[in-house]
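Working notes, beginning with the structure itself.
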C-alpha cells in the first residue's frame, strides 16, 4: 500500500482554532499570493491595518450604557461618510450605486 501523501500543514493545522469557509480561505491565500505576507497576523495588528486603510474622518464612536457596569465606548464607521468615500474612491462601486439610484427615482 503506498504511503499517504502528506497534507500541507498551512491548510490543515489551524482548523481547531477557528472556522473560516473554504471560499474565505481561498480568498486569503489568493491575496497572500498576489500581495505577499502581511507584516502582522495578530488580531490587534489586523484591526489597526484595517482602520489605517480608511481615512480617520470615517471613524466615530458611540457610548453605550451597560446594564451591569460602566459605559463602553464602541468605535464604528460612519455609514454616510463611508458611502461617500466609496463612491468617490471606487469607480465600479460608484457606477453600481449611480445605476441603482437612477432606477429608484
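The values are calculated or read from the model by the stated rules, or taken from the named source; none is laboratory data. The structure presented is a predicted model; accordingly, all values stated were derived computationally and were not measured. Neighbour counts run over all protein chains shown; Cβ positions are idealised from the backbone, glycine included.
Structural remarks
- First in segment 46-58 and closer than 13 Å to residue 75 by Cβ, second anywhere and surrounded by fewer than 12 Cβ atoms within 10 Å (Cβ to Cβ) and at pLDDT 85 or above, Cβ under 9 Å, 6 or more apart: 51/75
- With respect to the conditions (1) out of contact with any helix residue (DSSP H, G or I) (no Cβ under 7 Å at 6 or more places or on another chain); (2) touching a residue at least 24 places away in the same chain (Cβ under 8 Å), residue 89 lacks only one, and its number is (2).
- In segment 41-51 there is no residue matching the filter, namely being surrounded by 10 or more Cβ atoms within 10 Å (Cβ to Cβ), at pLDDT below 85, within 17 Å of the chain's Cα centre (by Cα) and assigned to a loop (DSSP other than H, G, I, E, B).
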